[in-house]
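Contents: one structure, followed by commentary.
Computed from the coordinates by the stated procedures, all read-outs in this text should not be read as laboratory data. Please read these numbers as outputs of a predicted model, since none were measured by experiment. Here Cβ is always computed from backbone atoms with ideal geometry, including for glycine, and neighbour counts include all displayed protein chains.
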Amino acid sequence: AAVAVTKQLIGYFQGSTAPGPAADQTALRTMIPERARRAYPVAPLIRTLADEGSVTVLRERFAPEMVTALARIDGRAIGVIANNTMVMAGAITARAADKAAR
């Protein structure tokens, strides 16, 4: 498992690749609740926006109120920083800020 993750992480630094298939984008309409005060899981949202199978979540257990990940959109490598409203309403704590900064 560690070798597979390492290969995927190194792959982000090779530059753009051929665009991969993306999940059905119409699913995004129902992923974010209409009421702003409702919590929702952000990880499925990231996976839907990115090319299929390209998301690598970083430091998943540390400061779970902040999600950091590497992914590809249309074959281009990107970094993702997102508040996870399911944990502490996505509050930016000192640990979450440290995670986002690194």
Can you find a residue that is part of a strand (DSSP E or B) and not aromatic (Phe, Trp, Tyr) anywhere in segment 22-39?
yes
Filter pass, ALA69 being touching a Leu at 6+ places or on another chain (Cβ under 8 Å) and in contact (Cβ under 8 Å) with a residue 12 or more places away in the chain
yes
Residues of segment 60-102 classified as touching a strand residue (DSSP E or B) at 6+ places or on another chain (Cβ under 6 Å), charged (D, E, K, R) and under 19 Å from ILE10 (Cβ atoms), total:
1
Within segment 64-102, how many residues turn out to be acidic (Asp, Glu) and under 14 Å from PRO41 (Cβ atoms)?
1
Taking the condition among the hydrophobic types (A, V, I, L, M, F, W, C), under 14 Å from the mean Cα position of the chain (by Cα) and surrounded by fewer than 17 Cβ atoms within 10 Å (Cβ to Cβ), does ALA101 pass?
no
What do you reckon, is ALA94 exposed (fewer than 13 other Cβ atoms within 10 Å of the Cβ) and more than 21 Å from SER16 (Cβ to Cβ)?
yes
Per the filter on segment 40-52, residues assigned to a loop (DSSP other than H, G, I, E, B) and in contact with a Lys or Arg (Cβ under 8 Å, 6 or more places away or on another chain) are ALA50
Note on segment 53-80: residues under 12 Å from the mean Cα position of the chain (by Cα), surrounded by fewer than 15 Cβ atoms within 10 Å (Cβ to Cβ) and not in a strand (DSSP E or B) are GLY53, ARG59, GLU60
